[in-house]
Amino acid sequence: MMKVKAMKDKWGRDIDYLRLSLTDRCNLRCRYCMPEAVDSVGHDAVLRYEEILTVCRAALALGIDRFKITGGEPLVRKGALSFMAVLKALPGIRSVTLTTNGILLKKALPDLIRLGVDGINISLDTLDAGQYAALTGGGSLHTVVQALEAAAAENVNVKVNAVLLKETVPQLLALARLAQDLPVDVRFIELMPIGYGTSLPGLSADEALVRLKGAYPDLKETAERRGNGPASYYASAVLQGRIGFIAANTHAFCRTCNRLRLTSTGFLKPCLCYDDGVDLRALLRSGRPDTEIQALLQQALAEAIEDKPAKHCFAERKEISEHKTMNQIGG
Ligand code: SAM
Ligand code: SF4
């Protein structure tokens with residue numbers, strides 16, 4: 001099948017990547033994401049898998065061919081792996097990757113490998129078991145590390161994502177060490193002021209880099225593009241994987257933004273920072289003929305691409321109009 005050329009937004013960025021949130025539910029309660037017992041949306045409000053696939057077909061027709069499965073915790077939704085297998089087999093798909101907290105990953109790994117998952121991001125902010133439990137509302141570090149080791153042993157493309165928090169600064173080197181001991185990339189992500197992200201003090205990517213250079217003096221930026229996103233990567237002769245930084249707040253993170261987001265309730269978001277977007281669920285459930293829905297979805301996606309703002313407004317917090325929490329958005 002001929003590759004469809006990705007659409008450019010009005011800032012000249014190629015938009016070829018869609019994050020798909022399967023659920024707002026989660027089996028953890030990360031303090032910066034969904035710390036409380038929150039009301040989850042009802043099952044009827046959540047897009048059915050066939051509806052998400054209909055959106056994905058429309059996206060593929062516009063050259064969006066890379067998909068990230070996210071949540072909440074995507075692996076808590078029944079049927080997530082079968083859905084991913086169907087998505088992965090759609091004509092024109094370039095990649096299907098998963099972001100997970102890793103709690104249910106070990107059991108899911110054989111199916112993920114069978115369906116040909118193109119990468120797994122595992123969120124892990126500390127390697128101190130007590131701190132992990134406190135940060136995640138009771139998560140078991142051992143379970144996540146076991147899954148991480150199992151995925152790396154199977155040669156899955158694994159990235160560890162660690163949010164940069166003041167309280168986990170003493171863990172920076174232990175986390176980076178994962179890229180020394182295992183063939184995995186470790187990416188440090190600046191805490192974003194979305195949802196509960198304002199409730200904790202974070203650390204800048206530059207501050208983290210200075211500390212890491214103390215342990216890895218030859219750490220040097222590479223021009224490699226190793227994932228879907230706007231991370232910059234650093235290599236060292238002693239590391240098997242790379243150290244990555246996603247400097248959402250302090251660097252020109254938006255210049256290379258290539259993505260749209262679809263929430264589990266079918267809201268299509270052009271930018272993380274703003275509450276603007278389109279309700280695709282209403283369109284999907286409008287009762288129109290399938291061909292008409294497909295054409296309208298493509299039009300809505302094209303408009304979302306056109307409407308992508310040049311950049312987020314994390315620096316001017318009062319302009320942030322997005323009030324959903326990260327588990328509702330999908331990260
Ligand atoms: N539950 C899955 C997980 O934790 O990987 C997928 C969903 S989670 C919302 C996706 C990513 O968003 C995680 O890596 C998480 O650490 C990150 N995240 C959540 N809140 C954040 C915030 N305020 N700033 C930066 N990253 C955040
Ligand atoms: Fe759940 Fe992921 Fe949010 Fe943590 S970051 S509460 S694992 S959705």
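The values are calculated or read from the model by the stated rules, or taken from the named source; none is laboratory data. Quick caveat: nothing in here was measured; it's all calculated off a predicted structure. For neighbour counting, all protein chains shown are included, and Cβ atoms are generated from backbone atoms with ideal geometry for every residue, glycine included.
If you scan the stretch 75-105, which residues turn out to be in contact with a Leu (Cβ under 9 Å, 6 or more places away or on another chain) and within 16 Å of ligand 2 (Cβ to nearest atom)?
75, 76, 77, 80, 98, 100, 101, 102, 103, 104, 105
Please enumerate the residues belonging to the stretch 139-149 that are assigned to a helix (DSSP H, G or I) and under 24 Å from residue 199 (Cβ atoms).
Of everything in the stretch 139-149, those that are assigned to a helix (DSSP H, G or I) and under 24 Å from residue 199 (Cβ atoms) turn out to be 141, 144.
This table checks each residue for (1) modelled with pLDDT of 95 or more; (2) surrounded by fewer than 16 Cβ atoms within 10 Å (Cβ to Cβ); (3) farther than 28 Å from residue 163 by Cα; (4) in contact with a Pro (Cβ under 6 Å, 6 or more places away or on another chain).
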| site | (1), (2), (3), (4) |
| --- | --- |
| 70 | yes, no, no, no |
| 75 | yes, no, no, no |
| 80 | yes, no, no, yes |
| 87 | yes, no, yes, no |
| 93 | yes, no, yes, no |
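Select from the stretch 17-40 the residues that are of a type in the set (D, E, K, R) and buried (at least 23 other Cβ atoms within 10 Å of the Cβ) and list them in ascending order.
Within the stretch 17-40, 19, 24 meet the criteria.
Residues being buried (at least 21 other Cβ atoms within 10 Å of the Cβ) and either more than 12 Å from ligand 1 (Cβ to nearest atom) or not in a helix (DSSP H, G or I) (or both): count how many of those fall in the stretch 120-138.
Summing the residues that are buried (at least 21 other Cβ atoms within 10 Å of the Cβ) and either more than 12 Å from ligand 1 (Cβ to nearest atom) or not in a helix (DSSP H, G or I) (or both) in the stretch 120-138 gives 8.
Cβ-Cβ under 7 Å, sequence separation 6+ or interchain: first residue in the stretch 54-73 and part of a loop (DSSP other than H, G, I, E, B), partner within 16 Å of ligand 2 (Cβ to nearest atom) and of a type in the set (Val, Ile, Thr). Which pairs?
71/23; 72/23; 73/100
Determine whether residue 121 is touching an Asp or Glu at 6+ places or on another chain (Cβ under 8 Å) and either aromatic (Phe, Trp, Tyr) or closer than 20 Å to residue 231 by Cα (or both).
Considered against the rule, which asks whether it is touching an Asp or Glu at 6+ places or on another chain (Cβ under 8 Å) and either aromatic (Phe, Trp, Tyr) or closer than 20 Å to residue 231 by Cα (or both), residue 121 comes out as no.
So that you can scan it fast, the table gives a plain yes or no per residue for (1) farther than 24 Å from residue 192 by Cβ; (2) touching a His at 6+ places or on another chain (Cβ under 9 Å); (3) in contact (Cβ under 8 Å) with a residue 60 or more places away in the chain:
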| position | (1), (2), (3) |
| --- | --- |
| 269 | no, no, yes |
| 277 | no, no, no |
| 281 | yes, no, yes |
| 289 | yes, no, no |
| 303 | yes, no, no |
| 309 | no, no, no |
| 315 | no, no, yes |
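Report yes if some residue within the stretch 150-170 is within 22 Å of residue 225 (Cβ to Cβ) and part of a helix (DSSP H, G or I); otherwise report no.
yes
Kindly list the number of the only condition in (1) more than 22 Å from residue 285 (Cα to Cα); (2) within 16 Å of ligand 2 (Cβ to nearest atom) that fails for residue 19.
Condition not satisfied by residue 19: (1).
Residue under question is residue 103, and the condition is that it be over 16 Å from residue 200 (Cβ atoms), in contact with a Ser or Thr (Cβ under 9 Å, 6 or more places away or on another chain) and part of a loop (DSSP other than H, G, I, E, B); does it hold?
It is true that residue 103 is over 16 Å from residue 200 (Cβ atoms), in contact with a Ser or Thr (Cβ under 9 Å, 6 or more places away or on another chain) and part of a loop (DSSP other than H, G, I, E, B).
Which one is farthest from residue 322 (Cα to Cα) among residues in the stretch 172-206 that are surrounded by 14 or more Cβ atoms within 10 Å (Cβ to Cβ), touching a residue at least 12 places away in the same chain (Cβ under 8 Å) and of a type in the set (D, E, K, R)?
That would be 185.
On the given criteria, is residue 46 surrounded by 18 or more Cβ atoms within 10 Å (Cβ to Cβ) and away from ligand 1 (no atom under 13 Å from the Cβ)?
Considered against the rule, which asks whether it is surrounded by 18 or more Cβ atoms within 10 Å (Cβ to Cβ) and away from ligand 1 (no atom under 13 Å from the Cβ), residue 46 comes out as yes.
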